[in-house]
Amino acid sequence: MAADQIRLLVVEDVPQVAQYIRGLLNTQSSIKLLDVVTDGAKAIPLVRELRPDVVIVDALLQGRVKGLVLVEQIHAAQVGVPVIVLTVPQQPVQPDPQRGIHGVLTMPFSGFDLVTRLQQVNQQARTSTELGAARVIAVFAPKGGVGKTTIAFNLAVAIGQIGERTVLIDGSLQFGDLRALLKVPVDAPSILDLPTDRIAESDLQDVLWRDPSGIDILLAPPRVEMAEMVTTRDIDKVLSLLRRVYSAIVIDTTPAVSDVNLAFLDAADTIVEVVTYDSTTIHNTIAMADAFRAIGYPATKVRYLVNRADSSGGIDPTMLERALGRRPEHSVVSDGLLVVQSNNEGVPFVLANPEAAVSQDVGRVASELIGSRVPAAARR
């Protein structure tokens with residue numbers, strides 16, 4: 001499934017028409033048909049629950065709520081979802097976004113007509129309303145031991161503190177680094193507890209771990225062998241919905257170059273790559289820079305963060321700049337006592353001591369990342 005797959009809800013009470021639409025979309029990987037609703041009165045609650053990208057409503061819909069009346073109700077409900085009206089030549093309908101009609105599809109239509117109209121309306125909605133414009137930040141490191149998970153956790157909390165509704169994803173699917181850091185019970189729900197077919201916002205509320213810091217966390221599986229049960233398809237579905245519910249998504253990735261990890265990195269608007277003044281880390285960072293270029297990531301997608309920036313270990317900071325070909329965008333100083341104590345207690349140091357230099361640095365990184373909203377970076 002493509003990460004930018006269009007999620008579609010259809011409101012249609014004629015079985016033959018509904019079946020025809022299903023048939024046209026069966027071979028379309030770019031469109032995900034969430035459901036077909038036959039009762040207009042049930043449409044708006046389902047829109048709020050499923051968070052589709054586009055809704056198709058039959059203008060000839062019968063029942064308690066007629067077709068065009070439903071379109072007006074969806075528009076008045078301000079759910080932020082564009083509507084395509086399905087009609088026949090005998091009853092023409094004109095597009096009118098002011099009335100909630102963002103597109104019109106006249107029967108008979110082909111699969112090409114259907115997909116083209118869906119893509120047009122979805123793109124127009126994204127452009128005009130920034131629908132699905134959540135900022136996705138993947139925190140990555142070319143090797144372990146550089147403080148990546150600690151940075152990811154505190155960065156997510158710092159972003160939440162500046163007013164963004166934030167979710168943190170534990171992308172370390174094998175070892176569940178965030179589970180260990182936050183002392184989460186082994187029976188706490190994980191990404192594996194989400195439905196495999198259709199994910200609704202209510203499913204997220206049942207699975208997400210609510211941290212006392214104010215952010216939500218999607219945990220990795222509790223056992224190592226369970227990680228292989230998570231597929232790239234699962235990742236795409238989860239991220240597609242999270243983009244509609246949260247304004248900021250932070251992903252704690254692994255150093256591995258695997259299909260699942262690349263799915264996280266592909267979906268990210270920004271990759272924050274954590275490095276330290278360590279010869280092995282610098283070597284691996286250069287190797288990953290080559291890999292990212294080969295994948296096709298633009299240079300602007302990756303932002304380097306020097307952790308423990310005040311502990312050079314005898315390495316000249318300009319050596320790192322020469323290796324990267326540019327100056328790192330962010331730096332965070334060390335504070336062994338505060339960081340270790342906070343980690344041992346499972347609390348973010350940015351809240352344990354907001355005035356500490358390390359907390360101020362992470363807060364600055366959060367503000368710079370959220371403040372520099374840019375269009376989603378190119379994917380592979």
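The values are calculated or read from the model by the stated rules, or taken from the named source; none is laboratory data. In this text the structure is predicted, and so the values were computed from the model without any measurement. We place every Cβ from the backbone using ideal geometry, glycine too, and count neighbours over all the protein chains shown. Calculation scope for accessible area: heavy atoms of the full protein, side chains included, ligands and nucleic acids excluded. Shrake-Rupley method; radii C 1.70, N 1.55, O 1.52, S 1.80 Å.
Structural remarks
- Taking only the Cα atoms of the stretch 241-285, the ratio Rg/Rh comes out at 1.06, with Rh defined as the Kirkwood radius.
- Shape of the stretch 303-355, Cα gyration tensor, a/c cut at 1.5: prolate
- Cβ-placed point charges (K, R +1; D, E -1), dipole of the stretch 178-281 about Cα centre in debye, nearest 20: 180
- Two-site label geometry, Asp203 and Glu228: point separation in nm, points 7 Å out along Cα→Cβ: 2.4
- Percent accessible area from carbon and sulfur atoms, the chain, protein chains only, probe 1.4 Å: 52
- Rg/Rh for the stretch 1-62, where both radii come from Cα atoms and Rh is the Kirkwood radius: 0.96
- Largest-first ordering by accessible area, 1.4 Å probe, given options His102, His283, His75, His330: His283, His75, His102, His330
- Note on the stretch 223-312: Rg/Rh from C-alpha atoms, Kirkwood Rh, equals 1.00.
- Rg/Rg_globular for the chain, with Rg_globular taken as 2.2 N^0.38 Å and Rg from C-alpha atoms: 1.10
- Per-pair calculated FRET efficiency, R0 = 35 Å: Asp193 and Ser279 via Cβ, rounded to 0.05: 0.25
- For the stretch 145-192, the Cβ-based charge dipole about the Cα centre amounts to some 60 debye (Lys, Arg positive; Asp, Glu negative; other atoms uncharged).
- Highest average packing first - 208-221, 302-315, Cβ atoms within 10 Å: 208-221, 302-315
- Cα point-scatterer Debye curve for the stretch 46-137, base-10 log of I(q)/I(0) at q = 0.24 Å⁻¹: -1.35
- Ligands, DNA and RNA are left out, and with a 1.4 angstrom probe the accessible area of the chain is 44 Å² per residue.
- Between Val340 and Glu49, the contour length at 0.36 nm per residue exceeds the alpha carbon distance by 100.7 nm.
- Volume per residue for the stretch 40-84 equals 58 cubic angstrom (convex hull of Cα atoms).
- Using a Förster distance of 41 Å, the FRET efficiency for Gln360-Ser110 (Cβ separation, nearest 0.05): 0.10
- Close lysine pairs were tallied over the chain: pairs 8 or more places apart or on different chains with Cα atoms under 19 Å apart number 4.
- Candidates Glu12, Glu273, Glu355: whichever shows maximal mean-square fluctuation once the chain is modelled as a Gaussian network with Cα springs under 10 Å: Glu355
- Farthest positive-ward along the stretch 23-150 dipole, Cα basis, beta-carbon charges - from Pro108, Val57, Gln78: Gln78
- Sorted from longest to shortest, the spans of the Cα atoms of the stretch 264-380 along the three principal axes equal 40, 34, 22 Å.
- Computed over neighbours whose Cβ is under 12 Å from that of Gly336, the net charge equals -1, Lys and Arg +1, Asp and Glu -1.
- Rounded to the nearest 20 debye, dipole of the chain from Cβ charges on Lys, Arg, Asp, Glu: 720
- For Ser312 and Lys183, the FRET efficiency from 1/(1 + (r/R0)^6), where r spans their Cβ atoms and R0 equals 41 Å, is about 0.80.
- Counting only protein chain heavy atoms and rolling a 1.4 Å probe, the accessible areas of Thr270, Thr150, Thr318, Thr300 rank, largest first, as Thr300, Thr318, Thr150, Thr270.
- 222 nm mean residue ellipticity, helices alone, for the chain (DSSP H n ≥ 4; -39,500 (n - 2.57); rounded to 500): -12000 deg cm²/dmol
- Taking only the C-alpha atoms of the stretch 136-283, Rg followed by Dmax gives 14.4, 47 Å.
- Charge context of Leu86, other residues only, Cβ under 15 angstrom, K/R +1, D/E -1: -1
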